[in-house]
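Before any comments, here is the structure.
The values are calculated or read from the model by the stated rules, or taken from the named source; none is laboratory data. Here the structure is a predicted model, which is why all the values come from computation and not from measurement. For neighbour counting, all protein chains shown are included, and Cβ atoms are generated from backbone atoms with ideal geometry for every residue, glycine included.
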Amino acid sequence: MSHNAVRQLILWYRRPTRLPRVPTLPPRAKAAAKSNARSVTPPRPKVPRLVHAAPSDDEAEDRQRVGIQSLGRAFGILEAVARHREGIGLADLSRLVGLHNSTTFHLAKTMVALGYIRQEKDSKRYRIGRPLFALAASALDEIEMVNLATPVLEDLSRQTGESSHFAVRMGDTIVVIARTSGPGAFQLVDRVGVVRPAHCTALGKAILASLQPDQLLRLLKRTGLKPSTEKSITDMPMLLREIEEIRRTGVAHDEGEFNMEVRCIAVPVHDFTGKVIGAIGVSGPVWRLTQQAIKSRVKIVQDAAGRLSGEFGAGK
């Protein structure tokens, strides 16, 4: 191969390579292509859902323990508030139940919302709420009252030697719901369930003395002060004076006003709210239960009333 031919071959290999021409799109086609490119989005990846595992036995036990602890704390707060009838502040309440102020506050706030305790607006002291009174009152039915009263009456009869009675109000009258006989002869034979007029019995007058003046007047007007014996008090001013004396001394007397041959004394019994729930007393023949004997038994009857009131929650 000649020198000139070699030179031509080298020049041919060194020439620039030309790519095939790509046809250009018109302006409207370019805009449409760009729009289509924006509208097509890649599919979103599927996110797997989380499945909560069932709590283990240890976790369930922990939850139960926390629930029992909170319940115990709530009842501790309730008992502490119930023991302070004048109310109790947050700091003192926290100290008594052994909890931090914030913990006590949140528990007490829940109990206030439920109504079982209430908080005074001015002093911020906590007191027992009305729903709790309703629950306790519904639990203290007649059977329970008789069960609580009977042992007290038995002791009272043993100490005084006379028949003992516990009565409650029933409308405008009173009803004896529990009684015991003394060890001596000539005991009264009144049965349980007997209804007596309130204004001429010691038990009834002890209960009447707990009423508000307007309530008392309305009751006495309704009953009409009908006499049971010639000793029954039928004069309204005279009866009102005697009831005022009962309020002062806390002791009611019956001087043959229902039964000419029987003398009685009675003392009111209170419940956990401080309200008079009934009356307890002793009765005996006038020849044995003399005025001197009555005086010697007043303290015994008062102690019995205090004991029975304690059984009903008074002073706790």
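Criterion first (within 21 Å of residue 289 (Cβ to Cβ), surrounded by fewer than 18 Cβ atoms within 10 Å (Cβ to Cβ), modelled with pLDDT of 90 or more and touching a Phe, Trp or Tyr at 6+ places or on another chain (Cβ under 7 Å)) does residue 201 satisfy it? Against the criterion (within 21 Å of residue 289 (Cβ to Cβ), surrounded by fewer than 18 Cβ atoms within 10 Å (Cβ to Cβ), modelled with pLDDT of 90 or more and touching a Phe, Trp or Tyr at 6+ places or on another chain (Cβ under 7 Å)), residue 201 does not qualify.
Of all residues in region 292-313, those that are among the hydroxyl-bearing types (Ser, Thr, Tyr) have Cβ atoms under 7 Å from Cβ atoms of residues that are buried (at least 16 other Cβ atoms within 10 Å of the Cβ), 6 or more apart or on another chain, in 309/269; 309/270. Just a yes or no: is a residue in region 229-237 buried (at least 19 other Cβ atoms within 10 Å of the Cβ), more than 40 Å from the chain's Cα centre (by Cα), farther than 11 Å from residue 206 by Cα and among the charged types (D, E, K, R)? Within region 229-237 (the criterion being buried (at least 19 other Cβ atoms within 10 Å of the Cβ), more than 40 Å from the chain's Cα centre (by Cα), farther than 11 Å from residue 206 by Cα and among the charged types (D, E, K, R)), the answer is no, since none of the residues qualifies.
Just so you know, in region 119-143 the residues that are in a helix (DSSP H, G or I) and of a type in the set (A, V, I, L, M) include one that is modelled with the highest pLDDT, and it is 143. In the set 279, 266, 314, 304, only one residue is in a helix (DSSP H, G or I) and crowded, with 17+ Cβ neighbours inside 10 Å; that residue is 304. Residue check: is residue 250 on the phi > 0 side of the Ramachandran plot and not assigned by TED's automatic domain parsing to the domain that holds residue 83? Yes.
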